[in-house]
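Visitor: Below are the structure tokens for one structure; questions will follow.
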Amino acid sequence: MSAVPATTPTILTAPLLRCCLPIVSARPLVHGACPKAASRRSISCLVAVTTEVSSSSSEDAEGSDAESKVGARVRVNVPLKVYHVGKAPELDLCGMEGVIKQYVGVWKGKRISANLPFKVEFFVSVEGQSKPVKFFVHLKEDEFEYLPSD
């Protein structure tokens, strides 16, 4: 069996009445046309009703597995530079540790194709500042490694 959604074809027919339906045509209306011929014409439509198919269990498992990793400590293991941190221009993330704050591969219960699905929070110390600067970076799963929890 294939995973094609079930469809129920329904044919609807209705008589074409000149007085009820406006006639849209590129040709001018021919006066003296036989009104009986117009009343015998009918319009038929084919309507296919599809049933809603829920997402597969593998996608649900993938989303719940990734969402269970929220809060995990990670270390960036690829050379990656970011330029959106105002206090630290051209910041290299390789070797930095952060915390996964959000998995954005699922939106409102539906799987979306996020290119960088993990939102990771980092802190960097900057000279002249008493507190570290917090910033977020979206990463792929192959750009970081999970650290053992303490």
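Nothing in this text is a laboratory measurement; each read-out follows from the coordinates by a stated rule. Note that the coordinates shown come from a computational prediction; the quantities given were computed from them, not determined experimentally. For neighbour counting, all protein chains shown are included, and Cβ atoms are generated from backbone atoms with ideal geometry for every residue, glycine included.
Visitor: Condition first: over 26 Å from the mean Cα position of the chain (by Cα) and more than 14 Å from residue 97 (Cβ to Cβ). Can you find one or more residues in the stretch 120-127 that meet it?
Guide: Checking the stretch 120-127: at least one residue is over 26 Å from the mean Cα position of the chain (by Cα) and more than 14 Å from residue 97 (Cβ to Cβ).
Visitor: Separate question: Would you check if residue 149 is small (Gly, Ala, Ser) and without any contact (Cβ under 8 Å) to a residue 24 or more places away in the chain?
Guide: no
Visitor: Using the structure shown, decide if residue 99 is outside any loop (DSSP other than H, G, I, E, B) and on the phi < 0 side of the Ramachandran plot.
Guide: Criteria met by residue 99.
Visitor: Of the numbered conditions (1) exposed (fewer than 15 other Cβ atoms within 10 Å of the Cβ); (2) without any contact (Cβ under 8 Å) to a residue 40 or more places away in the chain, residue 110 satisfies every one except a single condition; which is it?
Guide: Failing condition for residue 110: (2).
Visitor: Within the stretch 69-98, how many residues are surrounded by 13 or more Cβ atoms within 10 Å (Cβ to Cβ) and without any contact (Cβ under 8 Å) to a residue 60 or more places away in the chain?
Guide: Here the count works out to 10.
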